[in-house]
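Below you'll find the structure, written out as structure tokens, and then a few comments.
The values are calculated or read from the model by the stated rules, or taken from the named source; none is laboratory data. Given the structure is predicted, the values throughout are model-derived calculations rather than measurements. Counting neighbours? That spans all protein chains shown, and the Cβs are built from the backbone with ideal geometry, glycine included.
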Amino acid sequence: MSASSVDSLDDVLAARLATQRERQRYRRRVTTTGKVAEKGGHLRREGRETLAFCSNDYLGLAGDPRLAQALAEGARRFGTGGGASHLVCGHSEAHEHLESRLAELAGCQRAVLFSSGYQANLGVISTLLGRGDVALHDRLNHASLLDATRLAGATLERYTHRDSDDCGARLSEVEAARRKLVVTDGVFSMDGDTAELEPLATHCERHRAWLMIDDAHGFGVLGAHGGGTREAQGLDPSRIAVTVGTLGKAFGTQGAFVAGSETLIDALIQFSRPYIYTTSLSPALAWATLTSLDIVRDEPERRVHLLSLIERFRRGAASLSEFDLHLTPSATPIQPLVIGSSWSTTGEGRQENRQGVNEAAALRLSAELESAGLWCSAIRPPSVPAGTSRLRFTLSAAHTHEDIDRLLSALFTTARRLSSARRRLA
Ligand SMILES: *Cc1c(COP(=O)(O)O)cnc(C)c1O
């Protein structure tokens, strides 16, 4: 084969990028200055002051001076970097302390740290499953859980979102599989609703399947002690085989953990390639996260304030249904507004399909909010099913009641203006 018959790397990639732009799927990073939670969600976005409703800093800890102080102290005591993998010489006293505190929070025998939630999910599923095994997922699970299943080479099956009976029915269909793992998010990242763990656990017990929960958005936020979805639902920890939590959301730092039995954690340390072949999480960050855990324990008022913000937002936003914008059944800080089908009837004269118009409406609404100094994300396929594009707002204990009122007022003004413009065009 002559060299000229091989497409250049740049040509191949440029063609893919062009398609991405044509489909309006091309994404851009926005550079910010300042902290995520400074003065309650206020960020400088490309030089302009904005109020952000899109971070996962649910308790407002990412900008907390006590964490900055602990991070500096951790860096002085243990160094900024881990220096090696955990199994070589990268496992410090700071990691060890944090692991036992996290095990306690999760109500499990033991926990092990990973450098990110993405890696933790790859690490667990690829250790537990292989070819011939089945991972049965809730249809709306996080992308990292699906990627992990592919890495493991296991068969990927899905059940209807939050439908434990469908989960049970599908488990009966794969009865013959050697190993079966039921996997669910605790809090679903695009809808903000939660898995019902008790019926899932019952089905798993009946079908001899293992239950795994990824509670990235639940830890620190839900439950009286911030123990997450499981604590909030009062389920005994022994009924969940594997719990994953992350540190980059409510805890305001970075990294993740897996909690479970002594044997599970021992096996991950021995066999999990995404654990073994990587540098340990920064020990300074591990040290700072101990301070996050103290705050999560000692300042329950943060969770109480956050709940009051969620209630205030939902009470106000309910009547946006008048403009065909709909809240999802979410009691968590993730509060999406799904754009109804009437927004797809006209696309400013363009001949797009309905789905495309639904996506365009999400972008248009978020752009309008942005010019009012409010930052939220427009979520479109493939992150969510076609025709369910949405604005996704995340609330934080760093927000005030006035911040919520400002958001609601901008939403009503924008929705009213855009809907009357649509009616004129129709
Ligand atoms: C954010 C998230 C992850 C990834 O965690 P990182 O630490 O950011 O890599 C995994 N699972 C779920 C459900 C998440 O929301």
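Kindly indicate the residue of the stretch 27-77 that is on the phi > 0 side of the Ramachandran plot and in contact with a helix residue (DSSP H, G or I) (Cβ under 9 Å, 6 or more places away or on another chain) and also modelled with the highest pLDDT among those meeting that condition.
The selected residue is Gly60.
Spot the failing condition for Thr50; the list is (1) in contact with a Ser or Thr (Cβ under 9 Å, 6 or more places away or on another chain); (2) assigned to a helix (DSSP H, G or I), and only one is missed.
Here Thr50 meets the rest and fails (2).
Quick check: anything in the stretch 11-28 within 30 Å of Gly226 (Cα to Cα), surrounded by 11 or more Cβ atoms within 10 Å (Cβ to Cβ) and among the aromatic types (Phe, Trp, Tyr)? Break it down into steps so the answer makes sense when it comes.
The first filter runs over the stretch 11-28 and keeps only residues within 30 Å of Gly226 (Cα to Cα), leaving none.
There is no residue in the stretch 11-28 that is within 30 Å of Gly226 (Cα to Cα), surrounded by 11 or more Cβ atoms within 10 Å (Cβ to Cβ) and among the aromatic types (Phe, Trp, Tyr).
I'm trying to understand the selection: among the residues of the stretch 124-136, which are within 20 Å of the chain's Cα centre (by Cα) and surrounded by fewer than 24 Cβ atoms within 10 Å (Cβ to Cβ)?
none
Within 16 Å of the ligand (Cβ to nearest atom), part of a strand (DSSP E or B) and touching a Cys at 6+ places or on another chain (Cβ under 8 Å): is that true of Leu211 in this structure?
Criteria met by Leu211.
Does the stretch 246-261 contain at least one residue that is farther than 23 Å from Val187 by Cβ and out of contact with any Leu (no Cβ under 7 Å at 6 or more places or on another chain)?
Within the stretch 246-261, one or more residues are farther than 23 Å from Val187 by Cβ and out of contact with any Leu (no Cβ under 7 Å at 6 or more places or on another chain).
Answer yes or no: is there a residue in the stretch 145-161 that is buried (at least 19 other Cβ atoms within 10 Å of the Cβ), part of a helix (DSSP H, G or I) and either modelled with pLDDT under 95 or within 11 Å of the ligand (Cβ to nearest atom) (or both).
Checked against the condition, which is being buried (at least 19 other Cβ atoms within 10 Å of the Cβ), part of a helix (DSSP H, G or I) and either modelled with pLDDT under 95 or within 11 Å of the ligand (Cβ to nearest atom) (or both), the stretch 145-161 yields at least one hit.
Here is a list of conditions, (1) of a type outside the set (Ser, Thr, Tyr); (2) over 13 Å from the mean Cα position of the chain (by Cα); (3) within 11 Å of the ligand (Cβ to nearest atom); (4) surrounded by fewer than 19 Cβ atoms within 10 Å (Cβ to Cβ), and Gly248 meets all of them except one; can you say which number that is?
Status for Gly248: all satisfied but (2).
Quick one: which strands (runs of 3 or more DSSP E) sit completely within the stretch 267-385 and have at least 3 residues that are touching a residue at least 24 places away in the same chain (Cβ under 8 Å)? Spell out the reasoning first.
On the way: elements: 325-327, 334-339, 377-379.
Here the list reads 334-339.
Does the stretch 402-415 contain any residue that is among the aromatic types (Phe, Trp, Tyr), in contact (Cβ under 8 Å) with a residue 40 or more places away in the chain, out of contact with any Gly (no Cβ under 9 Å at 6 or more places or on another chain) and in the same structural domain as Leu325 (by TED's automatic domain parsing)?
Scanning the stretch 402-415, I find no residue that is among the aromatic types (Phe, Trp, Tyr), in contact (Cβ under 8 Å) with a residue 40 or more places away in the chain, out of contact with any Gly (no Cβ under 9 Å at 6 or more places or on another chain) and in the same structural domain as Leu325 (by TED's automatic domain parsing), so the answer is no.
What number of residues in the stretch 42-67 are closer than 19 Å to Gly373 by Cα, more than 15 Å from the ligand (Cβ to nearest atom) and not acidic (Asp, Glu)?
10
Suppose we keep only residues that are more than 7 Å from the ligand (Cβ to nearest atom) and crowded, with 24+ Cβ neighbours inside 10 Å within the stretch 256-266. Which one would you say is farthest from Cys108 (Cα to Cα)?
Initially, the stretch 256-266 is screened for residues more than 7 Å from the ligand (Cβ to nearest atom), giving 257-266.
Next, from what is left, pick out any that are crowded, with 24+ Cβ neighbours inside 10 Å: 257-260.
Values: Phe257: 12, Val258: 10, Ala259: 6, Gly260: 5 Å.
The qualifying residue farthest from Cys108 (Cα to Cα) is Phe257.
From (1) buried (at least 20 other Cβ atoms within 10 Å of the Cβ); (2) more than 16 Å from the ligand (Cβ to nearest atom), pick out the condition that doesn't hold for Gly81.
For Gly81, the exception is condition (1).
Just name the residue that is surrounded by the most Cβ atoms within 10 Å (Cβ to Cβ) out of those in the stretch 86-123 that are among the polar types (S, T, N, Q) and within 26 Å of Ala143 (Cα to Cα).
Step by step, filter the stretch 86-123, then rank; the result is Asn121.
For the stretch 90-132, name all the residues that are away from the ligand (no atom under 16 Å from the Cβ), closer than 25 Å to Glu231 by Cα, part of a helix (DSSP H, G or I) and among the polar types (S, T, N, Q).
Result: Ser100, single match.
Looking at (1) closer than 23 Å to Gln335 by Cα; (2) within 16 Å of the ligand (Cβ to nearest atom), which is the only condition His225 fails?
(2)
When both residues are 6+ apart or on different chains and their Cβ atoms are under 6 Å apart, which pairs have a first residue that lies in the stretch 103-131 and is in contact (Cβ under 8 Å) with a residue 12 or more places away in the chain and under 25 Å from Arg178 (Cα atoms), and a second that is more than 8 Å from the ligand (Cβ to nearest atom) and of a type in the set (Val, Ile, Thr)?
Ala120/Val258; Val124/Val242; Val124/Val258; Ile125/Thr149
Taking the conditions exactly as written (modelled with pLDDT of 95 or more and in the same structural domain as Gln335 (by TED's automatic domain parsing)), does Arg392 satisfy them or not?
So Arg392 passes the test.
Based on this model, can you work out whether Ser189 counts as in contact (Cβ under 8 Å) with a residue 60 or more places away in the chain and part of a loop (DSSP other than H, G, I, E, B)? Full working, then the answer.
Values: in contact (Cβ under 8 Å) with a residue 60 or more places away in the chain: yes; part of a loop (DSSP other than H, G, I, E, B): yes.
It is true that Ser189 is in contact (Cβ under 8 Å) with a residue 60 or more places away in the chain and part of a loop (DSSP other than H, G, I, E, B).
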